[in-house]
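Working notes for the structure below.
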Amino acid sequence: MPLGLSAGSIRSNDGREAFLERMADWELSQLQRQCEAMEGERQAYNKAVQGRINKQLEEIQRLEGVRDTLQAQISVAQSQAKRLRDNQKLENMGHLLKCRVQVQAEIEELQEQTRALDKQNL
């Protein structure tokens with residue numbers, strides 16, 4: 001026995017140590033349960049976040065496909081509009097050429113009439 005301690009005080013200290021050890025074990029088990037619960041919550045949160053990210057990535061891919069389709073449609077529409085403008089310009093040029101031929105014929109006719117009148121006046 002250590003000096004200055006009675007057998008009763010040693011048992012009392014052993015009891016306190018055992019009580020403190022049980023309290024420490026209980027707190028440790030509480031902390032372990034909390035840790036396990038938090039780990040489960042963390043994993044659930046990560047799974048939920050990953051699910052949202054995957055859905056967003058799918059939506060991004062879908063929207064990129066829609067964008068590509070719309071760009072192709074715009075390109076076709078622009079080509080059709082350009083073709084329509086070109087066709088209208090061709091028609092207009094054709095009409096102008098016909099008018100030019102007609103005006104040239106009228107000019108030639110007037111020049112002949114002028115020459116004929118000039119001959120008569122001479």
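Every read-out reported here was derived from the displayed coordinates using simple, explicitly stated rules and does not represent laboratory data. Note that the structure is a prediction, hence the values are computed from the model and not measured. Here Cβ is always computed from backbone atoms with ideal geometry, including for glycine, and neighbour counts include all displayed protein chains.
Numbers at a glance
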read-out	value
Set Ala72, Ala37, Ala44: member being under 23 Å from the mean Cα position of the chain (by Cα), in a helix (DSSP H, G or I) and either among the aromatic types (Phe, Trp, Tyr) or surrounded by 10 or more Cβ atoms within 10 Å (Cβ to Cβ) (or both)	Ala72
Flag if Glu17 is more than 47 Å from the chain's Cα centre (by Cα) and surrounded by 10 or more Cβ atoms within 10 Å (Cβ to Cβ)	yes
Test: Ser29 is surrounded by 10 or more Cβ atoms within 10 Å (Cβ to Cβ), within 47 Å of the chain's Cα centre (by Cα) and among the hydroxyl-bearing types (Ser, Thr, Tyr)	no
